[in-house]
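These notes concern the structure reproduced below.
The values are calculated or read from the model by the stated rules, or taken from the named source; none is laboratory data. Note that the structure is a prediction, hence the values are computed from the model and not measured. Don't worry about glycine lacking a Cβ; one is built from the backbone with ideal geometry, like all the others, and counts go over all protein chains shown.
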Amino acid sequence: MMITSIFRIGRGLLAAALISSTAMVPAWAETLDGVKGKHGIAMHGDLKYAPAFTHFDYVNPDAPKGGAVRLHSIGTFDNFNTFIIKGNGAAGTGFTYNSLMSGSADEAFSQYGELAELVFVPEDRSWVAFKLRKEAKWHDGKPVTVDDVIWSFNTLIEKGSPFYRFYYGSVAKVSKASDQIVRFDFKPGENRELPLILGQLTVLPKHYWADNDFTKTTLKPPLGSGPYKIKSFEAGRFVVIERVRDYWGKDLAVHKGNYNFDTIRFDYYRDNTIALEAFKAGEYDYRSENSSKAWATAYNFKAVDQGLIKREEITHNRSSGMQAFAFNTRRDIFKDKRLRQALAYGFDFEWSNKTLFYGQYARTHSFFSNSELAATELPSPDELKILTPYKGQVPDEVFTKVYQAPKGGGPRQIRKNLRVAGKLLKDAGWVIKDGERVNAATGQALGFEVLLVSPLFERIVLPFAKNLEKLGVKVSVRTVDPSQYRRRIQTYDFDVIVGGWGQSLSPGNEQRNFWGTEAADIEGGRNTIGIKDPVIDAIIEKVISAPSRKDLIAAAKSLDRVLQWGHWVIPHWHAKYDRIAFWNKFGRPKITPTQGNQFTAWWVDDMRNGALKEKLASAKE
């Protein structure tokens, strides 16, 4: 299952549903090739919500519509076609589209119909079909058709970002089963997740793109079918999207309580420091804070003291995934696992957490931290069934030890760690000569560059570099603008970066793009590390084909162990809560789901907003 950002790059987990409980005919009784159509599908087990559900539990179905909200984004944009790797995609464009289905935020991975009113899936999940809603239409009034779905799928595979080729790579063919039903047949092999991720397919208008080049960047506002459309913009500065008043899907069950703002404006800022100052000055309304230092020190100002701005930590139970210093193993110096392991001993998380992060974080040891998918104990019998055939091909520690990232805690502990690192480097052929760490065979000096996109990370990297300097390793730090950074990542033009791999509670096909051999050499792919390991490829397929939740957990833990002991990254940290700050003008639902805060279920509260305006006006007098 694919994970994205606070807005799931537009919508993601927050939209989708069956027709409401007032339906006269039980549409889910329809069949296709002997398979009954259903209102949704769960990855494993049963759906939480029955066919006649009226709204998700974590929204307020009576939330008032109206008002404006201002948000922020960092960097710049020059493209509304966010489905290709060219250009810098604009914030908010995802709100203009619909998917066939979409998931709830309080289940591990379940999908409910959005553009599709029914989904047909046989017992063996060898194909999936979707019946489109007759009422679904584009913003120009034309109906959403099966031809649109087929064109969208084929175009994304052929011309879209490389991600789509991996995510939908097990589809053998897509065809028109009837005027309202599109069918996807799969290649041989178990892939139980594929029906659900086909449900995530964003559907694009074939007739619109007939007169526009899909391979090129564009600042022409796109035609969509979603709850919002682009109202106005200035390239690189702001985008305003407005709620579609006659939106065809506004009464769908899980759209109830979502998409409440009349307009959403995204203002662009050069970096987070400037953006934070703009928030304090009232230039935008809501902020998700990703800096522990800012959270601890930057919110001590009058508006907070007066209650005009609220700060909250909202606990969640989603997987934290992995954030880490990521090695580019296409570089010769990083091909040796012993060297990668050695460098990890130079990072002192405990000191950083105490000194730099104000104790706000927990150390990340797993690629699935904060979830039941994390390998935190010795392998279970179910895991051993998966791993034992690969003995001799994976590190012995996979079977005998629980991975823990090196523990620091200050100068004394780091000296011990550096002694361990020195031995590993020597074993790998890197020795000290004239105070410098060099390759014993070639005389090459050991050094590398850490490429950053945010200056916030410099305070973290520089102490790390200082520790490695004691080993004779030269580390430089370079911070570049977002456009340059994005291009260098896409072309793998870096030594070490701060990488991030979000994980859902139901991992699947996206793992091929994260760690798979085929993804390692494709420009714009997510295998930034450059991993090419047949064992990892094989275990990824076991994750994808897992027939039950129990099997998925065993496969994910097995993958976790092999990745951990490959020392592909130097793990960072994670928080078990969302840090948010907002001007006190909003109402929000009482329930927070498993996946955490859902901002598109918030609304502008007229009483709070009026009181806020009065207080601000009084302050100016």
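Overview of results
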| item | result |
| --- | --- |
| Enumeration of residues in segment 360-417 that are within 28 Å of the chain's Cα centre (by Cα) and among the polar types (S, T, N, Q) | GLN360, THR364, SER366, SER369, ASN370, SER371, THR376, GLN404 |
| Residue in segment 357-376 that is within 29 Å of ILE540 (Cα to Cα) and charged (D, E, K, R) present | yes |
| Matching option when the condition is within 30 Å of GLY429 (Cα to Cα) and within 22 Å of the chain's Cα centre (by Cα), among ALA520, ALA465 | ALA520 |
| Count of segment 262-280 residues which are in a loop (DSSP other than H, G, I, E, B) and either within 24 Å of the chain's Cα centre (by Cα) or crowded, with 22+ Cβ neighbours inside 10 Å (or both) | 2 |
| Search result, residues across segment 394-427 that are part of a loop (DSSP other than H, G, I, E, B), surrounded by 13 or more Cβ atoms within 10 Å (Cβ to Cβ) and either free of Cβ contacts under 8 Å to residues at least 12 places away in the same chain or not aliphatic (A, V, I, L, M) (or both) | PRO395, LYS401, TYR403, PRO406, LYS407, GLY408, GLY409 |
| Lone qualifier among ARG330, ARG311, ARG287 - being farther than 19 Å from THR364 by Cα, out of contact with any strand residue (DSSP E or B) (no Cβ under 9 Å at 6 or more places or on another chain) and either part of a helix (DSSP H, G or I) or modelled with pLDDT of 95 or more (or both) | ARG330 |
| In segment 433-458, the residues that are loosely packed, with under 14 Cβ neighbours inside 10 Å and of a type in the set (Val, Ile, Thr) | THR442 |
| Residue check for PHE494: aromatic (Phe, Trp, Tyr), more than 21 Å from GLY435 (Cα to Cα) and touching a helix residue (DSSP H, G or I) at 6+ places or on another chain (Cβ under 9 Å) | yes |
| Scope segment 339-387; condition of a type in the set (S, T, N, Q), in a helix (DSSP H, G or I) and closer than 23 Å to TRP501 by Cα; matching residues | GLN341, SER352, ASN353 |
| Among (1) within 22 Å of LEU418 (Cα to Cα); (2) touching a helix residue (DSSP H, G or I) at 6+ places or on another chain (Cβ under 6 Å); (3) of a type in the set (A, V, I, L, M) - the single one ILE386 does not satisfy | (1) |
| Of all residues in segment 281-307 being farther than 30 Å from TYR58 by Cβ and of a type in the set (Lys, Arg), the one that is surrounded by the fewest Cβ atoms within 10 Å (Cβ to Cβ) | LYS302 |
| Which listed residue is under 24 Å from the mean Cα position of the chain (by Cα) and within 20 Å of GLY103 (Cα to Cα), from PHE166, PHE153 | PHE153 |
| In segment 180-234, the residues that are assigned to a loop (DSSP other than H, G, I, E, B), over 23 Å from the mean Cα position of the chain (by Cα) and among the charged types (D, E, K, R) | LYS187, GLU190, ASP211, ASP213, LYS216, LYS220 |
